[in-house]
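Working notes, structure below.
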Amino acid sequence: MERHFDTSLRELKEQLVVMASWVERAIEEATQGLQLSSLERLENVYELEKKINQSHMSVDSACLKLLALQQPLATDLRLIFAIIKINTDLERMGDQAVNISRNAREYIQAPPMKPLIDLPIMFQEVRQMVGVALDSFVKSNENLARDVLQRDDRVDALKNKIFKDTLEHLKTHADQIEQGLTLILIARNLERIGDHSTNIAEDVIFALTGEDVRHASQAATIKNVLKSSS
Amino acid sequence: MNPNSILEVKDLHAWFGSIEVVKGISMVALEHTVTAMIGPSGCGKSTFIRCLNRLHEESPGARATGQVLLENRDIYEKKVDPVSIRRRVGMVFQKPNPFPSMSIFDNVVAGLRLAGVRRSSTLKEIVEHSLQAAALWDEVKDKLHALGTSLSGGQQQRLCIARALAVEPKVLLMDEPTSALDPISTGKIEELLTELRKKVTVIIVTHNMQQAARISDQTAFFLSGELIEFGETSQVFTAPKKEQTERYITGRFG
Ligand SMILES: Nc1ncnc2c1ncn2[C@@H]1O[C@H](COP(=O)(O)OP(=O)(O)O)[C@@H](O)[C@H]1O
Ligand SMILES: [Mg+2]
């Protein structure tokens, strides 16, 4: 028996999936624009972000309406709660894509610095992380969501490496300080996108199981530290 | 056992003739809490709460087994007088049922008079006190001698609550007390419950999921005479442990 509520939920989920595809495109255009030095592709990000913002508002108001009219409970409630939060994460990811696009524009217009090595790897990692997070939502798949949580450390490590190597490089190339900072900013933008993917994965796990896994790794780390020091 | 437990039910069964409608329920209600009972019609909620003040056995062919410890004493012990139990465990029904030929005043003190309280200053005091507690005093203080039945439905229900409170019960059972009321009267009774719980322990049957979620501390989900899930209300409504509870509260039942 399909409830009226199920139809509304399905439509809402579809809307969020379309929005997510724009977010993925925006990240793609921003990163490709930098790698291919294409201003045109960087420009595409702005159009996508406009659409993402529109969708952000319309998903929110649809959720609000469902909460008011259907007063969902249990899994229904957890799903709507997750959708509201994922919606916000997607919008922020769109903002970060715009930031990357802006920074990339500066970067490619300045004199070339050094070949990019780790950044393309980080692009790849983050795009996959975003993809898996969104997949976990679309397929309601807890394992995929947990996979995303594992990937976060790799992205952080890449960001740290880019920070360190760039600073090292700047020690002997003081004239490239602006490009270097821009690179660091881009790595930071990417890391934030990774964090939003983690949030999405955590929301998916909560929606599916009722388990709040946020800050769990932090607790585990503290536990391990305590264990190894005793 | 928990020191704050006021009502503890142990393996309670209830029958109408040969048909078992309550099938071995155990649960505990702590002092000053509200417990909501939810579940589809006919699952035994009313029968269950009617066992908690020995009202069930008044129906023809009805009987119950098991223990109901009220402040640690089993109300089903042989020498216990059911009437004395009903004073300590009050009840409010779905349809407001003030005594038809009695004034507001007399309705409130009916139970006390039965118990032999005669002093008019005491009765007056209790009437004011009980009507205050039922959030009805301001509306009726100038017409205490009007008929109880002359009040609106919502007021009549609060009058019944005042009547139940007048004998200072420990536990108040409420069987769908707002299902015949409009949203404003319902809201008043829900508000009242948050005050009442300071004095009594409340067990309330409700068909309104949102009402259960708003007013209760624990929620018990009944199905076919069995207690399927019993837990903290916030847990039951956000992440129920049992599939049947999930299906019922999300309207996927049947
Ligand atoms: N007086 C009665 N005589 C015989 N059967 C009854 C009587 N009252 C209720 N029942 C039956 O007992 C079962 C439980 O009823 P009840 O406790 O009123 O359920 P609920 O309050 O959950 O709707 C139902 O199957 C109902 O038909
Ligand atoms: Mg009933």
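Ranked from highest to lowest mean number of other Cβ atoms within 10 Å per residue, what is the order of the peptides B:108-118, A:199-209? Walk me through the numbers before you get to the answer.
Working: B:108-118: 16.0, A:199-209: 22.8.
In descending order of packing, they fall as A:199-209, B:108-118.
What angle, in degrees between 0 and 90 and rounded to the nearest 10, separates the Cα long axis of helix A:39-70 from the longest principal axis of the Cα atoms of chain A?
So the helix axis and the longest Cα principal axis differ by about 20 degrees.
Give me the compactness ratio for region A:1-112, meaning the Cα radius of gyration over 2.2 N^0.38 Å. Write out the running numbers ahead of the final one.
On the way: Rg = 17.4 Å, N = 112, 2.2 N^0.38 = 13.2 Å.
That works out to 1.32 for region A:1-112.
Where Lys and Arg each count +1 and Asp and Glu each count -1, what net charge lies around B:Ile215 among other residues with Cβ under 11 Å from its Cβ?
-1
Filter the trypsin sites (Lys or Arg not before Pro) in region B:8-112 to those in DSSP coil with at most 12 other Cβ atoms within 10 Å of their Cβ, and list the result. Display every interim value, and only then the final one.
On the way: sites: B:Lys10, B:Lys23, B:Lys45, B:Arg50, B:Arg54, B:Arg63, B:Arg73, B:Lys78, B:Lys79, B:Arg86, B:Arg87, B:Arg88; in loops: B:Arg54, B:Lys78, B:Lys79.
For trypsin sites (Lys or Arg not before Pro) across region B:8-112 that sit outside H, G, I, E and B with at most 12 neighbouring Cβ atoms in 10 Å, the list reads B:Lys78, B:Lys79.
Chains A and B: what accessible area do they bury, summed, in square angstrom to the nearest 100, with a 1.4 Å probe? Walk me through the numbers before you get to the answer.
Details: alone 12220 and 11990 Å², together 23270 Å².
About 900 Å² of accessible surface is lost on pairing.
Whole percent per 10 Å bin, from 0 to the bin with the longest distance: what is P(r) over all C-alpha pairs of region B:101-254?
With 10 Å bins starting at 0, P(r) equals 10, 35, 29, 16, 9, 1.
Per residue of A:66-74, count partner chain C-beta atoms within 10 Å of its C-beta, then hand back the mean as an integer. Don't jump to the answer; show the numbers that get you there.
Values: counts 0, 0, 0, 0, 2, 3, 4, 14, 13.
Average neighbour count from other chains, rounded to a whole number: 4.
Holding the Cα-Cα limit at 31 Å, pick out from B:Lys95/B:Lys141; A:Lys85/B:Lys23; A:Lys85/B:Lys199 the pairs that are longer than that.
Details: B:Lys95/B:Lys141 23 Å; A:Lys85/B:Lys23 43 Å; A:Lys85/B:Lys199 41 Å.
Table pairs above 31 Å Cα-Cα are A:Lys85/B:Lys23; A:Lys85/B:Lys199.
In region B:195-215, what residues drop by 20 Å² or more in accessible surface going from the chain by itself to the full protein assembly, probe 1.4 Å?
B:Gln210
Regarding chain A, what are the three Cα extents along the principal axes, ordered largest first, in Å?
67, 56, 23
Please give the charge dipole size of region A:122-193, origin at the Cα centre, charges +1 on K and R Cβ atoms and -1 on D and E Cβ atoms. Round to the nearest 20 debye.
60
In degrees between 0 and 90, to the nearest 10, how far off the longest principal axis of chain A does helix A:74-109 point, with axes built from Cα atoms?
20
Determine the dipole magnitude for region B:94-143: charges of +1 sit on the beta-carbon of Lys and Arg, -1 on that of Asp and Glu, nothing else is charged, the reference point is the Cα centre, and the result goes in debye to the nearest 20. Show your work: numbers first, answer last.
Details: 7 positive and 6 negative charges, 51 e Å.
Computed charge dipole of region B:94-143: roughly 240 debye.
Can you list the residues of region B:235-254 that have at least 40 square angstrom less accessible area with all protein chains present than in their chain by itself, probe 1.4 Å?
Buried by 40 Å² or more upon assembly, which counts only protein chains, are B:Phe237, B:Thr238, B:Glu246, B:Thr250, B:Arg252.
Please identify which residues in region A:80-116 have an amide N closer than 15 Å to a label point set 7 Å out from the Cα of A:Leu67, following the Cα→Cβ vector.
So the set is A:80-89.
Could you state, as a whole-number percent, how many of the C-alpha pairs of the protein assembly as shown are farther apart than 34 Å? Please list the in-between numbers first.
Values: 62865 of 116886 pairs.
Looking at the protein assembly as shown, the distances longer than 34 Å represent 54 percent of pairs.
On a 0 to 90 degree scale, rounded to 10, what angle separates helix B:153-166 from the longest Cα axis of chain B?
The angle comes out near 90 degrees.
What value, in deg cm²/dmol to 500, does the helix sum -39500 (n - 2.57) over DSSP H runs of n ≥ 4 give at 222 nm once divided by the residues of chain B?
Working: 10 runs with 91 residues, N = 254.
Calculated mean residue ellipticity at 222 nm is -10000 deg cm²/dmol.
In whole percent, and with a 1.4 Å probe on the protein chains, what portion of the accessible area of chain B is carbon and sulfur?
Details: 5900 of 11530 Å².
Carbon-and-sulfur percentage of accessible area, whole number: 51.
Compute the FRET efficiency between B:Leu30 and B:His207 as 1/(1 + (r/R0)^6), taking r as their Cβ-Cβ distance and R0 = 35 Å, and round to the nearest 0.05. Before the final figure, lay out each step's value.
Numbers: r = 24 Å, r/R0 = 0.69.
After rounding, the FRET efficiency stands at 0.90.
For region B:207-235 and region A:90-158, what is the separation of their Cα centres, given in Å?
44
Could you give the dipole magnitude of the protein assembly as shown about its Cα centre, charging the beta-carbon of Lys and Arg +1 and that of Asp and Glu -1, in debye to the nearest 20? List each step's numbers first, then the result.
Working: 59 positive and 64 negative charges, 367 e Å.
Here the protein assembly as shown has a charge dipole of around 1760 debye.
Any idea which of B:Leu181, B:Thr219, B:Gly231 is furthest toward the positive side of the dipole for chain B, if Lys and Arg beta-carbons carry +1 and Asp and Glu beta-carbons -1?
B:Leu181
Which FRET efficiency, nearest 0.05, do A:Asn53 and B:Ser179 yield, Cβ-Cβ r, R0 41 Å?
Details: r = 45 Å, r/R0 = 1.10.
Rounded to the nearest 0.05, the efficiency is 0.35.
Whole Å is fine, so just give me how far the alpha carbon centre of region B:15-71 lies from that of region A:178-205.
Using only Cα atoms to place each centre, the spacing works out to 57 Å.
Starting from the Cα of B:Asn72, move 7 Å in the Cα-to-Cβ direction to define the label point; list residues of region B:1-42 whose amide nitrogen is under 12 Å from there.
Of the residues in region B:1-42, B:1-6 have backbone N under 12 Å from the label point off B:Asn72.
What whole-number volume per residue, in cubic angstrom, does the convex hull of the C-alpha atoms of region A:105-159 give?
78
At what distance in nm do the modelled label points of A:Tyr46 and B:Ser5 sit from each other, each positioned 7 Å from its Cα along Cα→Cβ?
Once both label points are built, they end up 7.0 nm from each other.
The values are calculated or read from the model by the stated rules, or taken from the named source; none is laboratory data. All values reported here derive from a predicted model rather than from experimental measurement. In this analysis, Cβ positions are derived from the backbone assuming ideal geometry, glycine residues included, and neighbour counts consider all displayed protein chains. In case anyone asks, the SASA skips ligands and DNA or RNA and just uses the protein heavy atoms, side chains included. Shrake-Rupley method; radii C 1.70, N 1.55, O 1.52, S 1.80 Å.
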